[in-house]
Amino acid sequence: MSQLKTMVRAPRRLVLRALRGPVRALLRPFRPQVKAVRRRLPRRADHYIARLGGVQTRVVRPAVPPVPPELVEQARAARPPAPETPTRLYVAPANFAGQGWLWARAAERQLPGVGAVTMVGIPSGFRFPSDHHVPEQVYLRSPEWQREQFEYVRQNFTHALIEAQRPMFGSLLSLNAFTEARVLTGYGLRIATIAHGRDVRLPSLHRENYPFSPYVREEWADVDVLERQVRRNLAGLASIDMPAFVSTPDLLDDLPGATWCPVVVDLALWETPEPPMERPKPVAVHMPTSSKFKGSEQVDEAMNDLHERGLVEYRRIEGVSPEEVRRIIGSADLVLDQFRLGSYGVTACEAMAAGRVVLGHVTEHNRQRVQEANGDELPIVEATVENIREVALELLDDRERAQKIAAQGPGFVRRLHNGNYSAKVLSSFLAS
């Protein structure tokens, strides 16, 4: 009897073995999609696919509680109608500092025939404006919502801008933004990506180019983990033939073929009538989103010394709402931005828009990039972690110079960071 079973089974094993090579070669380019499909198949069907493809069978993971239906319905009900314009842009899923929403509004405002919808599915601590806020567990774990959202984008939009190399549809396509880009391109959409910072800033390269880089193993145990993550993102970007944008000029080091699309600030929210540096004891503010990257330890050391000497009133601010940030910056004289990355971002732009004196470390080659884009010099007073105290003292001694630099800030932001320039940058992508 056992011999009979062996004779019956042998041809099936031979067939499977003969098919394994061709099937594996056929499926290799579609491995992420196959994995996504396999997760939804019965275990027996998945077992045969694994044997044909010569891959391991799936690992059975502990059951995850289902997403509450009311959250899925909430996300579904909040989904905005698609624009009725000829060009319809979808921007998702990060919206860090509200930038996705601001880029979308700038494109609508400046480019005829463009309508846009933004979605955020990643918590960022505070709720910045977005057209569609989706609870994180719905975004990541609801197959129902993910499939509906994919169809919503596929059927209604002509263009999509993927932020920070994050997937727009959660785990639908194996949490892979580059697979999403390929699939949507296959349906006729035009896709581009925009980097926000740590998603493409390669630690090893940054250490080579920036003497005060925070990507030092002795200071940060996870720097090698980030190195691997960034290399995967850079490899993913290299594998797709699509436009790439970056939000800050330093990221052009990592993506030399990308285009700088500057961060956007709504000047109307930041106008401050009182000029800085007129009170006897100026107020100096430091508001790090990440103290490691901003050089906050050195800022505290330098400014606490000046505070104790009665020369300034130093305030270290963290964990406040966007509305409170506007009030704090508007009431400051000096705003100390960042001193280790060699560039500048949203906080510096907000402080310049408010006409404050901004101190920060921006390398000469990044300042040159700014001037090439705008024709203006960047009105951020140069300082490094090594001379914050000395530069601040120079500004306190020459308040007229400090006020002249601060007065250049609103005009600079109006020309480069009010959204008009960013929309112009995006126009070549949206016109295609």
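If each residue's Cβ is checked for other Cβ atoms within 10 Å, how do Glu180, Glu271 rank with the fewest at the top? Could the numbers behind the result be given before it?
Working: Glu180 24, Glu271 11.
The fewest-first ordering by Cβ neighbours comes to Glu271, Glu180.
Kirkwood Rh over alpha-carbon pairs of segment 277-358, then Stokes-Einstein at 20 °C and 1.002 mPa s: what D in µm² s⁻¹, rounded to an integer? Could you put the intermediate results ahead of the total?
Numbers: Rh = 12.8 Å.
Result for D is 167 µm²/s.
With 10 angstrom as the radius, rank Val91, Val285, Val225 by how many other C-beta atoms surround their C-beta, starting from the fewest.
Values: Val91 29, Val285 22, Val225 11.
Going from least to most buried by this count: Val225, Val285, Val91.
By how many degrees, between 0 and 90 and to the nearest 10, does the Cα long axis of helix 223-238 differ from the longest principal axis of the chain?
Approximately 70 degrees, to the nearest ten.
Residues in segment 234-255 near a label at Asn374, defined as backbone nitrogen under 16 Å from the 7 Å Cα→Cβ point?
In segment 234-255, the label zone of Asn374 (backbone N under 16 Å from the point 7 Å along Cα→Cβ) covers 247-251.
Pop out the ³J(HN,Hα) list for segment 167-177 in order, Karplus 6.51 cos²θ - 1.76 cosθ + 1.60 with θ = phi - 60°, rounded to Hz; leave Gly and Pro as x.
Taking θ as phi minus 60°, the curve returns x, 7, 10, x, 8, 4, 10, 6, 6, 10, 5 Hz for segment 167-177.
Which part of segment 201-223 falls in the paramagnetic zone of Arg231, meaning amide N under 12 Å from the point 7 Å along Cα-to-beta-carbon?
Zone members listed by number: 203-205.
Pairs of Cα atoms under 8 Å, at least six residues apart: use those to get the relative contact order of the chain, whole percent.
Values: 722 pairs, mean separation 56.5, N = 432.
Relative CO of the chain lands at 13 percent.
With the radius of gyration and the Kirkwood radius both derived from the Cα set of the chain, what is their ratio Rg to Rh? Walk me through the intermediate numbers first.
Details: Rg = 25.8 Å, Rh = 24.2 Å.
So for the chain, dividing Rg by the Kirkwood Rh gives 1.07.
Can you list the HN-Hα couplings for segment 80-85, worked out from phi with the Karplus curve (6.51, -1.76, 1.60; θ = phi - 60°), rounded to whole Hz and with x for Gly and Pro?
x, x, 6, x, 9, 7
Along segment 154-162, what does the Karplus equation 6.51 cos²θ - 1.76 cosθ + 1.60 (θ = phi - 60°) give for ³J(HN,Hα), rounded to whole Hz, x for Gly and Pro?
The phi angles translate into 4, 8, 10, 10, 9, 9, 9, 10, 8 Hz.
For the Cα atoms of the chain, what angle does the longest principal axis make with the long axis of helix 99-110, in degrees from 0 to 90, nearest 10?
Rounded to the nearest ten degrees, it is 80.
Describe numerically, in nm with one decimal, the distance between label points set 7 Å from Cα along Cα→Cβ at Lys281 and at Ser204.
Result: 5.0 nm between the two label points.
Could you tell me whether segment 267-416 comes out rounded, prolate or oblate from its Cα gyration tensor? Rule is a ≥ b ≥ c as square roots of the eigenvalues, rounded for a/c under 1.5, then prolate if a/b exceeds b/c, otherwise oblate. Before the final figure, lay out the partial values.
Details: a/c = 1.31, a/b = 1.19, b/c = 1.10.
Rounded shape, in that the Cα axes give a/c under 1.5.
Specify the inter-centroid distance of segment 244-287 and segment 71-139, based on alpha-carbon positions, in whole Å.
23 Å
If we count other beta carbons within 10 Å of each Cβ, what is the order of Tyr314, Tyr344, Tyr210, fewest first? Display every interim value, and only then the final one.
Numbers: Tyr314 22, Tyr344 25, Tyr210 19.
Least crowded to most crowded, the residues run Tyr210, Tyr314, Tyr344.
Compute the helix-to-body angle for 2-27: its Cα long axis versus the longest principal axis of the chain, expressed 0 to 90° and rounded to tens.
Tilt of helix 2-27: around 40 degrees.
Bear in mind that the values in this text are calculations on the coordinates, not laboratory data. No experiment lies behind these values; they were computed from the predicted model shown. No Cβ is skipped: glycine too gets one built from the backbone with ideal geometry, and neighbour counts run over all protein chains shown.
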